């Protein structure tokens, strides 16, 4: 029998940048911290601003965590003719696949989150 996954403490940090907010999340995002995770996501949504969610240090993400990200993405007001205003960085292929399946049209995915330059940019084909 496999040993259970050792729980890694949930943590977060918020950095406000011009026109965007970056929420960095660490550890396990499970049912025990879903309410806190949703609160942090809700607090990071700004009118007219982009939301960057760095999940590169998340060790576990369950269903309620995915739904919280989807709800935050839906709450970020989009600007016609631009890319989605929610960007998620994750090293996990599974997390990326699930987010793409449940919210692909409103979330841009990256495999790393090193600079504010990863923020969504205006689509050059829209003029």
Pick from 44, 57, 9: which is in contact with a helix residue (DSSP H, G or I) (Cβ under 8 Å, 6 or more places away or on another chain) and either at pLDDT 90 or above or surrounded by fewer than 15 Cβ atoms within 10 Å (Cβ to Cβ) (or both)?
44
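Starting from residues that are under 14 Å from residue 37 (Cα atoms) and crowded, with 17+ Cβ neighbours inside 10 Å, keep the ones in region 71-90 and report whichever is modelled with the highest pLDDT.
Our first condition is that a residue be under 14 Å from residue 37 (Cα atoms); within region 71-90, this holds for 71-73.
Those still in the list that are crowded, with 17+ Cβ neighbours inside 10 Å too: 72-73.
Values: 72: 86, 73: 83.
Looking at residues that are under 14 Å from residue 37 (Cα atoms) and crowded, with 17+ Cβ neighbours inside 10 Å, I get 72.
Looking only at region 30-41, how many residues end up being part of a helix (DSSP H, G or I) and surrounded by 15 or more Cβ atoms within 10 Å (Cβ to Cβ)?
Applying the first criterion (part of a helix (DSSP H, G or I)) to region 30-41 yields 34-41.
If we keep only those that are surrounded by 15 or more Cβ atoms within 10 Å (Cβ to Cβ) as well, we get 34, 37-38, 40-41.
Looking only at that region, the number is 5.
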When you scan region 13-22, do you find a residue that is touching a strand residue (DSSP E or B) at 6+ places or on another chain (Cβ under 7 Å), loosely packed, with under 14 Cβ neighbours inside 10 Å and not in a strand (DSSP E or B), even just one?
yes
When you go through 7, 39 one by one, which is the residue that is more than 17 Å from residue 91 (Cα to Cα) and more than 14 Å from the chain's Cα centre (by Cα)?
7
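The values are calculated or read from the model by the stated rules, or taken from the named source; none is laboratory data. Every value quoted in this text rests on a predicted model; they were computed, and no experiment measured them. Backbone-built Cβ (ideal geometry, glycine too); neighbour counts: all protein chains shown.
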